[in-house]
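The values are calculated or read from the model by the stated rules, or taken from the named source; none is laboratory data. Please read these numbers as outputs of a predicted model, since none were measured by experiment. So basically every Cβ, Gly included, is an ideal-geometry build from the backbone, and we count neighbours across all protein chains shown.
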Amino acid sequence: MSDPGLPPFMNDSAGGPPPMSGGSFAQSMGAFGALLKLQQNISERFPKSKVPWNETRKFLKANTIEAIRSTALYKFNVKLFGEIGLGNIQLISYAPMHYIFAVPNNPVCNFYPALNNQKVCAATTDALYRFFHEDLELECSVEEIECIKSGNEVCKFKVDLQPISAYQIMLDEYDRMILSGIRPPVDDTELKERVRVLTVYKLLDKGQLSEIGSAYMQFAASLQVEEKIFDPPWKIDDELSSIASNHNTFGGAFGEMAKKVQTSDPANAQANEPAINEETRKLQEEAKDTDSFAQLLAKMKNKKE
Ligand SMILES: [Zn+2]
């Protein structure tokens with residue numbers, strides 16, 4: 001199927017964002033404008049959204065979907081992506097170092113009115129990568145694994161963290177004391193919780209330093225990175241919205257709208273529950289495979305040489 005008398009379009013099906021050909025000219029230009037606006041929002045917002053390690057640490061240490069969803073960082077991520085124009089992103093599956101986010105009715109799919117039967121949401125993949133990489137300082141890879149445009153119910157994005165960078169931010173001084181065999185000045189409950197998290201992340205095994213833990217500690221000792229302390233980007237946001245909600249103007253109305261969106265959330269979550277469990281189960285199966293940790297060890301050995 002080719003246009004008579006016109007040279008063929010060059011298509012690159014392997015990698016790169018899909019071309020915005022087809023559809024009416026106005027439709028394509030409208031979609032192109034929306035995509036430009038999105039890119040502009042990202043360029044404006046991401047540099048102002050740096051997150052301090054102490055907040056990322058809470059996100060990384062949370063190891064159930066519910067616990068992750070209740071962190072300030074997760075809520076900020078959802079809000080930021082919504083405001084930028086990336087739709088209502090939500091975490092649906094988790095395994096240590098692996099997260100799957102879903103976007104129902106993904107607006108990014110509409111940027112490619114003429115494309116079907118393929119994954120098109122490179123803008124979301126790119127934004128997730130930039131958020132984790134630039135704002136959280138976490139090395140990671142991001143992939144769109146399902147797309148509404150290829151016939152799936154929602155778009156799904158898988159974020160895989162690189163273990164070394166995740167450990168570096170996740171572990172605080174007390175955790176490193178525990179890994180060195182020193183009891184930090186905390187009560188038994190907190191100590192147990194820390195040991196549990198370190199075990200989930202395979203740094204401890206049955207209360208003992210694991211091979212990974214030992215490799216990491218050697219690696220960490222050679223690394224002097226100072227943790228920068230600053231306010232999280234949502235602090236100003238929280239202050240602004242509290243000011244706005246005290247005024248009976250646009251701010252007040254906006255607050256009401258936000259409340260409505262929030263109350264509709266649990267219902268959505270309920271409806272998605274079977275899908276969540278299935279995804280999570282698959283992801284946890286995958287995470288049991290210690291390949292990524294083996295890779296971590298190999299990398300560390302290389303660094304030491
Ligand atoms: Zn998609």
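Assorted remarks:
- Breaking point among (1) at positive phi; (2) modelled with pLDDT of 95 or more; (3) out of contact with any helix residue (DSSP H, G or I) (no Cβ under 7 Å at 6 or more places or on another chain), for Glu137: (3)
- Within segment 65-85, at least one residue is under 27 Å from Gln284 (Cα atoms), at pLDDT 95 or above and in a loop (DSSP other than H, G, I, E, B).
- Some residue of segment 22-43 being within 30 Å of Val225 (Cα to Cα) and either assigned to a helix (DSSP H, G or I) or within 13 Å of the chain's Cα centre (by Cα) (or both): yes
- Scanning segment 78-90 for residues that are within 15 Å of the ligand (Cβ to nearest atom) and either within 11 Å of the chain's Cα centre (by Cα) or within 27 Å of Thr64 (Cβ to Cβ) (or both) gives Phe81, Leu86, Gly87, Asn88, Ile89, Gln90.
- Within segment 106-135, considering residues that are small (Gly, Ala, Ser) and more than 12 Å from the ligand (Cβ to nearest atom), the one surrounded by the fewest Cβ atoms within 10 Å (Cβ to Cβ): Ala114
- For segment 136-149, the candidate set comprises residues that are touching a residue at least 24 places away in the same chain (Cβ under 8 Å) and acidic (Asp, Glu); within that set, the residue that is farthest from the ligand (Cβ to nearest atom) is Glu137.
- Residue check, Val154 touching an Asp or Glu at 6+ places or on another chain (Cβ under 9 Å) and at pLDDT 95 or above: yes
- Looking across segment 150-195 at every residue that is touching a residue at least 12 places away in the same chain (Cβ under 8 Å) and β-branched (Val, Ile, Thr), the one that is farthest from Lys58 (Cα to Cα) is identified as Val154.
- Among the criteria (1) away from the ligand (no atom under 13 Å from the Cβ); (2) over 13 Å from Ile145 (Cβ atoms); (3) in contact with a Lys or Arg (Cβ under 8 Å, 6 or more places away or on another chain), the one Ser93 does not fulfil is (2).
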